[in-house]
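Written below as C-alpha cells is the structure these notes are about.
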Amino acid sequence: MTPAEGTTTRSCGHRECASPDRERLVTVPTAITLVRTLATIGLALAGASLDSLELLLAALVVYWVGDMADGFAARLLDQETRVGATLDIMCDRISAALFYVGFAWYDPSMAIPVGIYLAEFMVIDMFLSLAFLAWSSSSPNYFYLIDRRLWRWNWSKPGKAVNSALFAVLMVWTREPWLAGVIATALLALKVISLVWLMRLRLPVPTGCLHTVADTAPA
Ligand SMILES: [Zn+2]
C-alpha cells in the first residue's frame, strides 16, 4: 500500500472526522455563510454612513442568526467541511469587525473596550478557532474529542455564547465603558490561557518531507 492510499482515500465515516472526499467549496451552508456576510457588510456600512444604530444592530442580528443558520444547515444536510468551517470563522471576523468599529464610531466611549475585544476575537480567538485544522476534525465544534477543557471554554454552546454575545449585549445595553472593558479584558485573559492550553497539547504537524512531495507530485 502506498502512503497515499493509507492517508487520503480511506475514511472512518464519523461526522466529526474530516474526509477529503467531502471537501468542496460550494455547499449550502457555505452559500449561507457568504450571503449572511454580504448582508452584514451592507447593513453595517449603511449604518455607518447614515449614522444609524438600528442598521448597525440589524447587521449584528443578521451576523448572529446567519451564523446559527449555516451551522444548522451544515449538520442537517451532513455538509460539514473544513473549507466551510474555515470560511465561517473568517466571515465571523469581518462581520464582527464592521459592527464593532461602527459601534465605536457611533459611541466613542466604547473605543477602548472595542479595541480590546477585537484584538481578542480577531487574533487570538481566530488562531484558536483555526487550530482544529491541525487535527482530523471537521470543525471546532468537535474539539471535545481532542481536549474537553479547551472545547468547554471556547466552542461549547455556553462557551460560544460567552465569547460572542455577552460582550456585545452588555455593551449595547448598558453603554458602560468600564463594564465593557472589564468583560473584554476577561475574555482576552481566557483566550490567552486557552492558547497556553493549546500549545501544551503539542499542535500536531503533518509529517513527511516537502521535497519528497515535490518530487512525486504530478507535473
Ligand atoms: Zn472517525
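Taking helices (runs of 4 or more DSSP H) as the structural unit, those lying wholly within segment 43-147 and holding at least 1 residues that are farther than 18 Å from Ile183 by Cβ correspond to 53-76, 82-106, 125-130.
Go through segment 137-194 and report how many residues are in contact with a Leu (Cβ under 9 Å, 6 or more places away or on another chain) and among the β-branched types (Val, Ile, Thr). Residues meeting the conditions: 4. Within the set Val62, Val83, Val35, the sole residue that is out of contact with any Gly (no Cβ under 7 Å at 6 or more places or on another chain), outside the structural domain of Lys191 (by TED's automatic domain parsing) and in contact (Cβ under 8 Å) with a residue 40 or more places away in the chain turns out to be Val83.
Taking the listed residues Ser129, Ser95, the one that is closer than 21 Å to Gly159 by Cα, touching a residue at least 24 places away in the same chain (Cβ under 8 Å) and in contact with a Ser or Thr (Cβ under 6 Å, 6 or more places away or on another chain) is Ser95, with no other qualifying. When segment 84-112 is filtered for residues that are within 12 Å of the chain's Cα centre (by Cα) and not hydroxyl-bearing (Ser, Thr, Tyr), the ones remaining, listed by number, are Gly84, Ala85, Leu87, Asp88, Ile89, Met90, Cys91, Asp92, Arg93, Ile94, Ala96. Scanning segment 173-201 for residues that are surrounded by fewer than 17 Cβ atoms within 10 Å (Cβ to Cβ) and β-branched (Val, Ile, Thr) gives Thr174, Val182, Thr185, Val192, Ile193, Val196. In a residue-by-residue description of segment 98-118, the property of being among the hydrophobic types (A, V, I, L, M, F, W, C), farther than 22 Å from Arg175 by Cβ and in contact with a helix residue (DSSP H, G or I) (Cβ under 6 Å, 6 or more places away or on another chain) applies to no position.
Based on this model, can you work out whether Leu38 counts as in a helix (DSSP H, G or I) and more than 26 Å from Pro20 (Cβ to Cβ)? Yes.
Would you be able to say whether some residue in segment 25-37 is more than 16 Å from the ligand (Cβ to nearest atom), under 30 Å from Thr174 (Cα atoms) and of a type in the set (Lys, Arg)? Within segment 25-37, one or more residues are more than 16 Å from the ligand (Cβ to nearest atom), under 30 Å from Thr174 (Cα atoms) and of a type in the set (Lys, Arg).
The values are calculated or read from the model by the stated rules, or taken from the named source; none is laboratory data. Just so we're clear, the structure is a prediction, and the values are computed from it rather than from any experiment. Please note: Cβ atoms are built from the backbone with ideal geometry, for glycine as well, and neighbour counts cover all protein chains shown.
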